[in-house]
Amino acid sequence: MRRLLVLGVLMGCGESQSALDSGVPLPAFLSLQCARDLSQAGARLRVSGHTAACPLSIDREQGKVVGECASISAGVERSVVLDYYVLLDGELLVLAQQNGRVDLSNTELDRHPVMIQSALATRRCVGNLNPAEINFSLCDNDGDGLENLAEYCHDTREPLIAERSGDP
Amino acid sequence: MITLAAILWAAPAADLNPPRVGHEPPTAADLQGNWRLWFEVRDESALFGAALYIEAADGQWTTIEPEQVAPEWFEVIIPAKGGLRYFFEVFDEHGNGPTRVGSSEVPFVLKAPVGKLPVTRPWNKSVEVTPPKVVVPWWLKPPPRRVVYAALGTAALTGLAYGSWSLLKARPVAKVTLIPIGASESP
């Protein structure tokens, strides 16, 4: 009986520790075959109520997006968006997004973990965070109906040039 | 015309008001057993024709000239007895009047004297009226200016502090650090 109790406690601690592990697992698209270089992709965290995005690092060895965003105003619940992007011809292309929320009403803590959902959006991207608004052009810079990720990784598509639908 | 205007301007204003008479019928006789009737007469001009009318036993009115015992004061001394009926009249030198206290129809009627008249005279004593001391309760007194200023300052500071606190509460300023982590796949 005592062994079972100790085992249960250890299992509980293990789950809690894994949930609080720093870093967001890298989404699978970053390891797919791509016509262009995906190794230069970057990640940034946008927080509602804050205009400047917070740069994060992509650690491919650990397979995680890591980093911290300081100087975030506390006191309310905030929504966040993790953008994956590349720079093409000097223009920022958002390839995909993951959403999350964080309750900052407890101002006694100075470090808050932000749960980033695993669901990945490559087309219905969130532009404005508060109120949340879907902005299709965010993940489709040229507005031709094909998302940035698809055009970026396609060998004949140009993410910054609108092409007719159905063109190869 | 100019001379006439200057004379009119220089001339004193004419007295058009009759004398004013104050009288209090006595109730006590003096030490010699006489009534002392006193009349206080005031006027802007000199007085004229002051007279005390006394009703005799046959109903006829006889006149007694009062003696001026002090400025604005007249006195008549007559043996004290009950039932004395009298009135007083006076003019000023401009003919304003007569001002009467009492009249032949409604004269003063004195009762039998009671007690002794004090030796003090109304024209001698200086009337010093001490105003009654009014004590205002503290809650009706206006607060001192420094107390008002202190109260207003305290209220303003309290309001400022409350407003600042409310503002801080409504607009979070505490800064925190966010650490992105991945949500677990299993619920």
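Ranked from the most accessible area to the least, with a 1.4 Å probe and all protein chains present, what is the order of A:GLU151, A:GLU77?
Sorted descending by solvent-accessible area, the residues read A:GLU77, A:GLU151.
Relative to the first principal axis of the alpha-carbon coordinates of chain B, what is the inclination of helix B:145-170, with its axis defined by its Cα atoms, in degrees from 0 to 90 and to the nearest 10?
Roughly 20 degrees, rounded to the nearest 10.
Determine how many Å³ per residue the convex hull of the Cα atoms of chain B encloses.
Measuring per residue, one finds 460 Å³ for the Cα hull of chain B.
Over chain B, with a Gaussian network built from C-alpha contacts below 10 Å, which listed residue (B:ALA112, B:ALA161, B:ALA14) shows the highest mean-square fluctuation?
The residue with the greatest mean-square fluctuation here is B:ALA161.
Over all Cα pairs of the range A:23-126, how is the pair count split among 10 Å bins, expressed in % and running from 0 up to the last occupied bin?
That works out to 14, 47, 29, 8, 1, in percent per bin.
Cβ under 15 Å from A:ILE58's Cβ, A:ILE58 left aside: what net charge do those residues give with Lys, Arg +1 and Asp, Glu -1?
The answer is -2.
Which percent of Cα pairs goes in each bin when the distances of the range B:43-86 are cut into 5 angstrom slices starting at zero?
5, 18, 26, 22, 14, 9, 5, 1
So what are the three principal axis dimensions of the range A:102-153 from its Cα atoms, in whole Å, longest to shortest?
Cα spread of the range A:102-153 along its principal axes, largest to smallest: 47, 23, 14 Å.
May I ask you to give the percent of accessible area on the protein assembly as shown that is carbon plus sulfur, with a probe radius of 1.4 Å?
It is 58 percent, rounded to a whole number.
What is the calculated FRET efficiency for B:THR158 to A:GLN40, with r their C-beta to C-beta distance and R₀ = 51 Å, to the nearest 0.05?
So the FRET efficiency works out to roughly 0.30.
Can you check how the C-alpha radius of gyration of the protein assembly as shown compares to 2.2 N^0.38 Å, as a plain ratio?
After normalising by residue count via 2.2 N^0.38 Å, the value is 2.76.
So, counting K/R as plus one and D/E as minus one, what does the shell of residues with Cβ under 11 Å around B:VAL41 add up to?
Residues close to B:VAL41 contribute a combined charge of -3.
Can you give the FRET efficiency to the nearest 0.05 for A:LEU109 and A:PHE29, using r as the Cβ-Cβ distance and R₀ = 30 Å?
0.35
Just the accessible area per residue of the range B:17-115, please: how many Å² with a 1.4 Å probe?
Averaged over the residues of the range B:17-115, the accessible area is 55 Å².
What is the diffusion coefficient of the range B:17-115 in µm²/s, taking the Kirkwood radius over Cα pairs and the Stokes-Einstein relation at 25 °C with a viscosity of 0.890 mPa s?
178 µm²/s
Quick one: give the max-minus-min coordinate of the C-alpha atoms of the range B:70-139 along each principal axis, largest first, in Å.
57, 39, 26
The values are calculated or read from the model by the stated rules, or taken from the named source; none is laboratory data. For clarity, every value in this text was computed on a predicted model and none was experimentally measured. Virtual Cβ from ideal backbone geometry, glycine too; neighbours counted across all protein chains shown. Side chains are part of the model used for accessible areas, which takes the heavy atoms of the whole protein and leaves out ligands, DNA and RNA. Shrake-Rupley method; radii C 1.70, N 1.55, O 1.52, S 1.80 Å.
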